[in-house]
Every structure is written in C-alpha cells, then in structure tokens.
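The values are calculated or read from the model by the stated rules, or taken from the named source; none is laboratory data. What you see is a predicted model; the values in this text were computed from it and never measured. Here the Cβ positions follow ideal geometry from the backbone for every residue, glycine too, while neighbour counts run over all protein chains shown.
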Amino acid sequence: HAKESGRSTYRFFAARMNADAVAHLALRSGLHRALERGEFQLYFQPQVSLAGGAVVGAEALIRWNHPERGLVSPAEFIPVAEDSGLIVPMGDWVLRQACRQAALWQAGGHALTMAVNLSALQFRRGDLERAVREALEESGLAPHSLELELTESIMIQDHEAVMDMTRRLGALGVQLSIDDFGTGYSSMAYLKRFAVDKLKIDQSFVRDVHTDTDNAAITQAIIQMAHSLKLEVIAEGVEVTEVVEFLRHHGCDLAQGFLYGRPMTAQRFEKTVLDGPIS
Ligand code: C2E
Ligand code: MG
Ligand code: MG
Ligand code: MG
C-alpha cells in the first residue's frame, strides 16, 4: 500500500517536474525570439532628491511585451535569462537603450542620471567594460550620468575578478551603487574596497519604517553608515508620506517608490514626470 502511494507520488512529481521543464524551455526560446523581434521595452521610475523634491534620476527596468501574454515581469524572466546566458546580450541592449534615453532627456534640458541593473553573469561573462564604454560612446552620455546597480551577491562571488571589474568601471567614470542593500551578505568591508558610490536601502526595510521599529533602526543605521563612508544613500519602496518624513528627518539623500511614480514608459515619464507636476 505504502509502496503504491509512493509510486504515484513519484509519478506526480515526475509529471510536474516535466511540466516545469517544458515551461522553462518555452520561456527560454521565447526570450531568444523576444530579443530578435524587439519585444523588450524599458520602463523608467523616477528618483527624487529628498532635500529639494526634484526628480534627479531614473531607474531603467526591463519589461517583456509578450505577443500573447502581454507585459511579463522581470522577476519571471530574468532568472531564466541568467540560466541561459541570454542576460548578457539582453543586458547590453538595456545599457544601450538606457544611455540613449538619458542622453535624449538631457538634450531636452533635464539633468537626470540613469540607473541600470546588472546581473552577476554580466560580470563573469562577456565584456562588460566594453559594453558600458560602447553604450556611452554611442549615446554621447557623460559617464557620471550612468549609474550601475550591483547586488551584494555579485560582490561576494569572485572577489578578485569583481574588484578588478568595479575598478575598471569606476575608471570609466560611471557611478556604482549597491541594490537591495541589507538583504544579502552585507559585509561592510567590501564597501571600502570596491569603489562604490551609493547604497540603495532595500524596500523590505523602507516600506514600513513608520510602523516597524526594527526596520526603522536598520534604515537609520544604513543611512548613518553610508554617510560615514561618504556614500550617497537612496531608499527604495517609498509608498507613503510618513516614510518620506522619516527619511528626511534622518538625512537620507534620495527616494524612489510608488509614491513618486511607478515604473512607466518613456513617453509617460516625459508627460507626467519631466513636464508634469513633480518636476
Ligand atoms: P530592483 O532593481 O530592486 O527594482 C525595484 C523593483 O521594485 C522594481 O520591480 C519596481 O517596480 C519595484 N518597486 C519600485 N518602487 C516600489 C514601491 O514603492 N513598492 C513596491 N512594492 N515595489 C516597488 P520590477 O520592475 O518588477 O523589477 C524587479 C527586479 O528585476 C529588479 O529589482 C531587478 O533586480 C530586476 N531587473 C529589472 N530590470 C532589469 C534589467 O534590465 N537587468 C537586470 N539584470 N535585472 C533587472
Ligand atoms: Mg535596481
Ligand atoms: Mg565613483
Ligand atoms: Mg532593489
């Protein structure tokens, strides 16, 4: 009896694993097609100076306009793109597109920085330094206007190689920031060793600083530490004004979140952010 049920359990899992594998493969080949057919699109989310309230930057966030499924979230396809290596050409596309958009907005008189997310594989595979240099040259964007967002998982994977790459990227004149700060292996040592310019406090801490005393303490500590190390600090996941008040009170430099704007198309960013009320 037990053997019977064990066998059917196995069959159930085997079938499900199979279905997962098929879905994974479909996604994988879909992503290849998407890159060829230009189904990816960048959305932009404003970053605001807490001192003056001005929009001083944008973060580029990739979206997939799937022909049947509509807009697909990066949480679903970035891991698959990383597994298959497609993140490297996809990341190159993001860099070029983001730099081009930033240069266009600057030419229109808007002094904005552009933040671009990098994945670990872009550091290990491909020629990231060249991709960044080419994106800057093609667009004419000044290097200091480009900010590359790294995660803590990148910083710990292969110290020497990563340190070397961050140095070379820093030498190009681009800014480096640590995304989702506080959620990974937060070794304080690498903040000094790598030429990092900015910390992005993870939204899981920021979201409820006005009601959660632990998250308030963590956020406050990160702001203080960043400033002691002469780093800028930005809070992500700002949804309510109570959080803004907390951040201002504790001297946080910048904020990003649904309160100021959700990620949106370039066209909408121009209409509602650059020419709109909060600019
Ligand atoms: P991330 O870089 O930490 O980006 C912030 C995410 O939080 C975005 O999700 C954004 O829409 C969301 N967000 C911003 N403000 C708020 C808020 O106030 N409340 C809440 N609940 N959420 C907020 P998104 O666009 O779905 O991106 C998810 C992740 O996918 C990004 O996290 C990033 O790690 C990755 N990603 C996005 N675009 C790219 C890309 O071009 N390359 C790579 N390698 N990764 C990317
Ligand atoms: Mg990011
Ligand atoms: Mg620097
Ligand atoms: Mg983040």
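Below is a table of values for the structure above.
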item: The lone exception for GLY251 - which of (1) touching a residue at least 60 places away in the same chain (Cβ under 8 Å); (2) surrounded by fewer than 19 Cβ atoms within 10 Å (Cβ to Cβ) it fails; result: (1)
item: Residue in segment 180-204 that is farthest from ligand 4 (Cβ to nearest atom), counting only those that are acidic (Asp, Glu) and within 18 Å of GLU239 (Cα to Cα); result: ASP202
item: Given (1) more than 15 Å from ligand 4 (Cβ to nearest atom); (2) part of a strand (DSSP E or B), number of the condition VAL233 does not satisfy; result: (1)
item: Members of segment 75-88 that are surrounded by 16 or more Cβ atoms within 10 Å (Cβ to Cβ) and either in a helix (DSSP H, G or I) or among the basic types (Lys, Arg) (or both); result: PHE77, ILE78, VAL80, ALA81, GLU82, SER84, ILE87, VAL88
item: Segment 88-106 residues that are closer than 21 Å to LEU121 by Cα, paired with ones that are of a type in the set (Val, Ile, Thr) and part of a helix (DSSP H, G or I) (beta carbon under 9 Å, 6 or more apart); result: MET90/ILE78; LEU95/VAL132; CYS99/VAL132
item: In segment 203-215, the residues that are surrounded by 15 or more Cβ atoms within 10 Å (Cβ to Cβ), away from ligand 1 (no atom under 11 Å from the Cβ) and either more than 13 Å from VAL243 (Cα to Cα) or within 20 Å of the chain's Cα centre (by Cα) (or both); result: PHE205
item: Strands (runs of 3 or more DSSP E) completely within segment 118-202 that count 1 or more residues being buried (at least 17 other Cβ atoms within 10 Å of the Cβ), modelled with pLDDT of 90 or more and away from ligand 3 (no atom under 16 Å from the Cβ); result: 175-181, 198-201
item: Flag for ILE223 being in a helix (DSSP H, G or I), in contact (Cβ under 8 Å) with a residue 24 or more places away in the chain, over 21 Å from ALA51 (Cβ atoms) and away from ligand 1 (no atom under 16 Å from the Cβ); result: no
